[in-house]
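Here the structure comes first, spelled out in structure tokens, and everything after it is commentary.
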Amino acid sequence: MSSVLERFLSYVKVDTQSDPNSETFPSTAKQRDLSNQLVIELHQLGIEDAHLDEHGYVYATIPSNSEKTDIPVICFCSHVDTSPDVSGAFVKPIVHYNWDGSDIVLPDDPTQVLRIGELHDLDTQIGNDIVTASGTTLLGADNKAGVAEIMAAAEYLQAHPEIKHGTIKILFTPDEEVGRGTEKVDLVKLGADYGYTVDGEAVGTLEDETFSADGVRIIIHGVSTHPGYALGKLENALKIAGEVLAKLPKDSLSPETTADKQGFIHPVQIEGIQEKAVLSFIIRDFTESGLHEKEALLKEILNEVLKSYPNSTAEFKVTEQYRNMKEILDQHPKVLENALTAMKMAGLSPIQRSIRGGTDGSRLSFMGLPCPNIFAGEHAFHSRLEWVSVQDMEKAVEVIVGICRVWEGNASNFDRVAGAMIE
Ligand SMILES: [Zn+2]
């Protein structure tokens, strides 16, 4: 058997960085290098239908081994790509066995140091085996920890037919980091009733809530003239745009002034000339009404500014981006309940929380596959200080296997399986 660590070390060495500026799908062909490897490994595990489709998605099925015929089909999902923010080429993973809590200086760039107090959750890992990159790249635990955990759980289920489970689906997606991970997924082909993305942070966390998200574009049409003869006529769209930004609240409703369940109005791009300027915003909140309030406020600010520019006009365009998955998950309480049960069986105290962002799961939930996010152990993602501990990854494998058992209904005689999976 390969351990989850062995799998993880092998996957992070494959460069799978996605590219937000690419027009192809997947955005980078190199993501298929890992996806192809995963298909080969799934075949080696005896999972015969594993395949890579033309869009770069890996689909696989572990058939039911239970006599029961009414068990929902459960999918586990992770993404193979890594963030465009930091290089993912030539990753050199380092395992710091039995870490004693001292600073971890990354050898290829000694300015990169993992230090207790600076990185959250690191203080909980003393005595564990920590995996980091070498200082010049990210590690790729986001989300290759999840990929390795799902693969290790699949291997465990295949090797232990005495563990009864229903039909289990595996889905590895490309391009999550560029927001396109669910764009070409075929949910009919997948055929799952419920899913779990394995892409969360600290051990024991379960995320069932994401932001709801809209984009707003304000297109300002000013009045353009020759600047030498502009007296009383020119209405400069750039100045109108600047005034709108200046009137945004300073001590609230921005990413830098909010936390937890508070939403915000966030300008992300400005472009223009004196005749026309375009302001792009992202609006975030946990409720749809919260989104609408923020959009109304922004519109009010715009109208207020326009009062001083009587011959200028503006368009206000709202685009829906994604919605809080809780709306869907509340209709399917078993999905959360069973994950919480599996975590408790693994000896964890589950922490239910919300994500100040979106996940593939939020889109999948609205596409018809209710899909919360469970921990993968990944930390400090999208940075050169990214880390994951072997012990957290092993716990995640245990929880994935546990979720399969709980859905089958055989959890009553559940015994801890972590030890067996470390061999
Ligand atoms: Zn991720």
Inset, instruction - Return a yes/no flag: does the range 291-301 have any residue that is farther than 24 Å from A259 by Cβ and part of a helix (DSSP H, G or I). - result: yes
Inset, instruction - Go through the range 23-57 and count every residue that is touching a helix residue (DSSP H, G or I) at 6+ places or on another chain (Cβ under 8 Å) and either at pLDDT below 95 or not in a loop (DSSP other than H, G, I, E, B) (or both). - result: 7
Inset, instruction - Return yes when G347 is within 19 Å of the chain's Cα centre (by Cα) and either more than 21 Å from A259 (Cα to Cα) or in contact (Cβ under 8 Å) with a residue 60 or more places away in the chain (or both) and no when it is not. - result: no
Inset, instruction - Could you tell me whether the range 252-264 includes any residue that is open to solvent by 90 Å² or more (accessible area, probe 1.4 Å), at pLDDT below 95 and not charged (D, E, K, R)? - result: no
Legend entry - Cross-chain or 6+ apart pairs with Cβ under 6 Å, the range 249-265 first and among the hydroxyl-bearing types (S, T, Y), then surrounded by 12 or more Cβ atoms within 10 Å (Cβ to Cβ): S254/F264; T258/F264
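Would you check which residues across the range 58-90 are part of a loop (DSSP other than H, G, I, E, B), more than 16 Å from the ligand (Cβ to nearest atom) and open to solvent by less than 40 Å² (accessible area, probe 1.4 Å) and list them? Talk me through it step by step, then tell me what you get.
Applying the first criterion (part of a loop (DSSP other than H, G, I, E, B)) to the range 58-90 yields 63-73, 80-81, 83-90.
Next cut, more than 16 Å from the ligand (Cβ to nearest atom) only: 63-73, 87, 89-90.
Answer for the range 58-90, where residues must be part of a loop (DSSP other than H, G, I, E, B), more than 16 Å from the ligand (Cβ to nearest atom) and open to solvent by less than 40 Å² (accessible area, probe 1.4 Å): S66, I71, P72, V73, A89.
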Legend entry - Residue under evaluation G140, criteria (1) within 16 Å of the ligand (Cβ to nearest atom); (2) under 28 Å from D70 (Cβ atoms), criterion not met: (2)
Legend entry - Meets criteria (open to solvent by less than 70 Å² (accessible area, probe 1.4 Å), part of a loop (DSSP other than H, G, I, E, B) and within 16 Å of the ligand (Cβ to nearest atom)) for A202: yes
Legend entry - Near pairs, Cβ below 8 angstrom, 6+ apart or cross-chain, from the range 220-240 (basic (K, R)) to any residue that is part of a strand (DSSP E or B): K233/V223
Inset, instruction - Name every residue in the range 27-46 that is open to solvent by less than 40 Å² (accessible area, probe 1.4 Å) and touching a Ser or Thr at 6+ places or on another chain (Cβ under 7 Å), in order of residue number. - result: S27, T28, Q31, L34
Inset, instruction - Those residues that are within 22 Å of A133 (Cβ to Cβ) and either at pLDDT below 95 or not in a loop (DSSP other than H, G, I, E, B) (or both), I need them from the range 1-18; list them, please. - result: S2, S3, V4, L5, E6, R7, F8, L9, S10, Y11, V12, Q17
Inset, instruction - Scan (1) assigned to a strand (DSSP E or B); (2) more than 30 Å from K247 (Cβ to Cβ) for the single condition L336 breaks and write down its number. - result: (1)
Legend entry - Residue check for S362: outside any loop (DSSP other than H, G, I, E, B), more than 25 Å from W99 (Cα to Cα) and within 13 Å of the ligand (Cβ to nearest atom): yes
Inset, instruction - Could you please find all residues in the range 164-181 being open to solvent by 10 Å² or more (accessible area, probe 1.4 Å), of a type outside the set (D, E, K, R) and within 16 Å of the ligand (Cβ to nearest atom)? - result: V178, G179
Inset, instruction - Scan the range 143-155 and give yes if some residue there is away from the ligand (no atom under 16 Å from the Cβ) and either charged (D, E, K, R) or farther than 30 Å from S66 by Cα (or both), otherwise no. - result: yes
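The values are calculated or read from the model by the stated rules, or taken from the named source; none is laboratory data. What you see is a predicted model, and the numbers here were worked out from it, not measured in a lab. Heads up, the Cβs are rebuilt from the backbone with ideal geometry, glycines too, and the neighbour counts pull from every protein chain shown. Note: accessible area is taken over every heavy atom of the protein model, side chains too, but ligands, DNA and RNA are not part of it. Shrake-Rupley method; radii C 1.70, N 1.55, O 1.52, S 1.80 Å.
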